[in-house]
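Read through the structure below, which is laid out as structure tokens, and then see the notes.
The values are calculated or read from the model by the stated rules, or taken from the named source; none is laboratory data. Since the model is a prediction, treat every value here as computed from it, not as a measurement. Positions of Cβ are backbone-derived with ideal geometry, glycine not excepted, and every protein chain shown enters the neighbour counts. Please note that ligands, DNA and RNA were not included when accessible areas were found on the heavy atoms of the full protein model with its side chains. Shrake-Rupley method; radii C 1.70, N 1.55, O 1.52, S 1.80 Å.
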Amino acid sequence: MKRRAWLTLGAVVLGGGGMATYASASDSSAPQTEGQEKRPVRVYHLALKGTEPGERELPRTETEQFSLVGVTWTGALKKLDGTAQVRTRSLETGAWSPWRDLEVDLSPPDKPEADMRGASAPMWVGPSDGIEVQVLHEDGSTGALPKGLDVSMVDPGVVTEAETRMSPPEPAAFAVQPDLAPASYTAATAETGVLPQPPVTTRAEWGADESRSPDPSEYNTDVKSVFVHHTAGADYDCSESPAIVRGIYAYHTDPAPNGNGWNDLGYHFLVDKCGQIFEGRKGGIDKPVLGAHTYGFNRESTGISVLGNYVSGSASDAALESVARLAAWKLSLHGVTDPTGTVELTAGATQKNYFGTSFTAGQKYSFNRISGHRDGYNSECPGGSLYAQLPKIRSWAAGPVQDLKVTSLTGATANGTTYYTKGAVTVRWSSATPASLISKYEILVDGAVVATTSGAGSAKAVTLAAGDHTVAVRAVHQSGQAVETAPTTVVADTTVPALTTPKLALRTGTVSTTAVPVTLSWKATDDKALRHTKLLSPATATFSAAATLSNRTAKPGAASTWSMRAQDYAGNYRDASAAYTPVILQETSAVKTGSWTTRSSTSYLGGKSYSSGSKGASLSWTFTGRSASWVVSRASTSGQVYVYVDGVKVSTVDLKSTSTLYRQAIWTKTWSTSAKHTVKIVVVGTTGRPTITTDGLVYIK
């Protein structure tokens, strides 16, 4: 959509001695709502004319909308004395942006032509219709500015099929230059060891106007290193990336005397925050094209620029991944197998870099294979944050795969450091290296490869034969370097555990008409490793592998099935069960001898009990079962009884208690099998406390 803006201009002196030049735009027409139109790229220039020493102003003029801005000045190698700042007015909202610094140390070509200009890095600001510019010196002074200071505003246009949703643009009416790459390079590309090429958006696909770069490409003899840059600028949507690339291309190639006057885009490649790679300088992405990105070191390098400003905010992993893939591939074309290494580069100019290191033309200096722009030139580029991420790019590019680990073994259960399975397991893993840089993963069982997945894989199912094994994952980087996880011991086990029939026995405790205290017992074993035993009914519970009994309660008067399951770590299990019925025999069902008195209370079983203090008085119960318990009341005045089982005295029980207790199973007896038994209690007639009170007898059948 086309809009026209008038820019009203002037100059003001800032507090503290700084100087500002500004231009604010106002619309000459009402906003339009037409759809996206196909339109060419345009570059507009506004000259900052000198009025007095230390001041520049923009003349009243008119312009079109723009999305990318920069400043240029006379003298390609001359530094701008101060900080250039811009703020722009949004075409969509009409709001002004905050002031943003322009990076004023854009690297010129190695041999700048006489009419080339010094330039800031271009800044993407998004569709805008107004601009203000100010230049401040570090010391706050208002000294004279460089001559010929201009503001360049680029409208990247709408030119590609994806943007217009129309038919492709017509072929350009100019001749494409022939491939002038040296013959020696062609042979190098045929050598083995070349890594996979990542996907690249071509110049035609992002809408390069090739008429802006009519000169033939110039070629180096080798590519020994990669310099990483950033483009600076505001945040952007990745759908805008082709337009940003077109804007930078137009800014770099806009002819003198107002523009940079370069013969092509300076960078060989550009990468956006979503990881999209764009072909930059023409001449063949797989060829050693001479670029204009790192002054003094363009002859032996490739330049990759990440779209965005990374002075403080870090670049996305998607961007880092694409830079790593691109750098590894480009270097591999020239036999470089270790992107983490160093290389000697010959300086093409005498200068100092960002860190103050001096270079002398013709001398050799050591660089990382993947370096930042600031390593070779006095520039803040690629920003402090992205510069700090270069080690990550190098490690991703070179390999091996980083932080490889097995995250889980589905279908297997761990017992300490050993896993157990029935045989089928799914191995899951993770790594910190992007999948696009990994050629494959291999699953190793006992050291042998049994399964393979692509670099995008993260899980694989394997089946193990019975027995003990080791399982590991090997990751093979695209460079060929391999790394393995530590082996994990996995036991394949199909043998079920052994489990005895659960037994139920009465125990001491408080008895009620709904709950009788019992002990459940069992024995479980496994040939490998027992995990646990579970009670399945009439209630549920889980016990450790070492457990053999559990104190519980059972409901009297009804048969209950006690089901249990023993399970090993592989998931094999065995079930066992038995039915038991606890029965309460009231005192009235006993055979009596001697004198007994009936007592009534809600505290007694069934509301009644027998009491006697007569020495020799007895109660006898006969039943068929495997366990029995005698239920009584206890108090400080309670006496003693003799207990006989099947006519044999087995115990003397003292019922004395410091506190009054009711319905207490105080004596129990369990047999290995169920049989007919008689239990008799006889009053001892203890001196001073002869009385005992009994509730009845409980047995299990």
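Observations on the model:
- Amide hydrogen proximity for Leu333: with H placed 1.01 Å from N in the peptide plane, the residues at 5 or more positions away or on another chain lying under 5 Å are Leu195.
- Estimated dipole of the chain in Debye, rounded to 20 [Cβ of Lys and Arg +1, of Asp and Glu -1, Cα centre]: 6520 debye
- Most positive-pole-ward Cα, Pro382, Val511, Gly259, against dipole of the chain from beta carbon charges: Val511
- Inverse mean reciprocal Cα-Cα distance (Kirkwood Rh) of the range 466-534, Å: 17.2 Å
- Over the chain: helical MRE at 222 nm, DSSP H runs n ≥ 4 each giving -39500 (n - 2.57), nearest 500: -2500 deg cm²/dmol
- Residue among Ala234, Gly313, Ala292 farthest towards the positive dipole end of the range 216-375, charges placed on Cβ: Ala292
- Cut-off under 5 Å, modelled amide H: who pairs with Tyr219 long-range: Leu290
- In order through the range 378-395: 3J(HN,Hα) via Karplus (6.51 cos²θ - 1.76 cosθ + 1.60), integer Hz, x for Gly, Pro: 7, 9, 6, 3, x, x, x, 6, 5, 4, 5, 8, 4, x, 5, 4, 4, 5
- When only Cα pairs below 8 angstrom with a gap of at least 6 residues are kept, the chain shows a relative contact order of 8 percent.
- Computed from Cα positions, the angle between helix 241-253 and the longest principal axis of the chain comes to roughly 30 degrees.
- Coupling constants for the range 277-283 follow from the phi torsions by the Karplus curve (6.51 cos²θ - 1.76 cosθ + 1.60, θ = phi - 60°), and in residue order they are 9, 10, 5, x, 4, 6, x Hz; glycine and proline get x.
- Other residues within the sphere of radius under 10 Å centred on the Cβ of Leu506, judged by their own Cβ, net out at +3 (K and R +1, D and E -1).
- Relative contact order for the range 521-623: 21 percent, from Cα pairs under 8 Å spaced at least 6 residues apart, divided by residue count.
- Taking the range 428-513 and dividing mean pair separation by its residue count, relative contact order in percent (alpha carbons under 8 Å, at least six apart): 25 percent
- Listed values for the range 362-377 are Karplus-derived 3J(HN,Hα) couplings in whole Hz (6.51 cos²θ - 1.76 cosθ + 1.60, θ = phi - 60°), namely x, 8, 9, 9, 8, 9, 5, 3, 10, 10, x, 3, 5, 5, x, 8, and x replaces Gly and Pro.
- Cysteines in the chain that, by Cβ-Cβ distance, have no pairing candidate under 4.7 Å: Cys381
- Alpha-carbon centroid distance for the pair the range 192-208 / the range 469-531, whole angstrom: 55 Å
- Separation of the range 659-679 from the range 409-443 is 56 Å, based on Cα centroids.
- Accessible surface, per residue, of the range 429-574 when the full set of protein chains is kept, probe 1.4 Å, Å²: 43 Å²
- Cα-projected label distance for Asp654 with Thr687, points at 7 Å along beta-carbon direction, nm: 1.4 nm
- Taking Rg and Dmax of the Cα atoms in Å as calculated from this structure, the corresponding entry among (1) 44.9, 135; (2) 31.0, 102; (3) 25.8, 82 is (1).
- Solvent-free Debye calculation, one equal scatterer per alpha-carbon of the range 383-427: log10 I(q)/I(0) at 0.27, 0.31 Å⁻¹ equals -0.95, -1.07.
- Those aspartates and glutamates that a straight Cα-Cα span of less than 13 Å connects to Lys364, excepting residues fewer than 8 apart in one chain: Glu300, Glu344
- In nm, spacing of pseudo-spin labels at Asp338 and Lys608 (7 Å Cα→C-beta vector): 10.0 nm
- For the range 316-391 versus the range 539-590, the inter-centroid distance based on Cα atoms is 74 Å.
- Potential lengthening between Lys440 and Asp403 on full extension [0.36 nm per residue; Cα-Cα distance subtracted]: 11.8 nm
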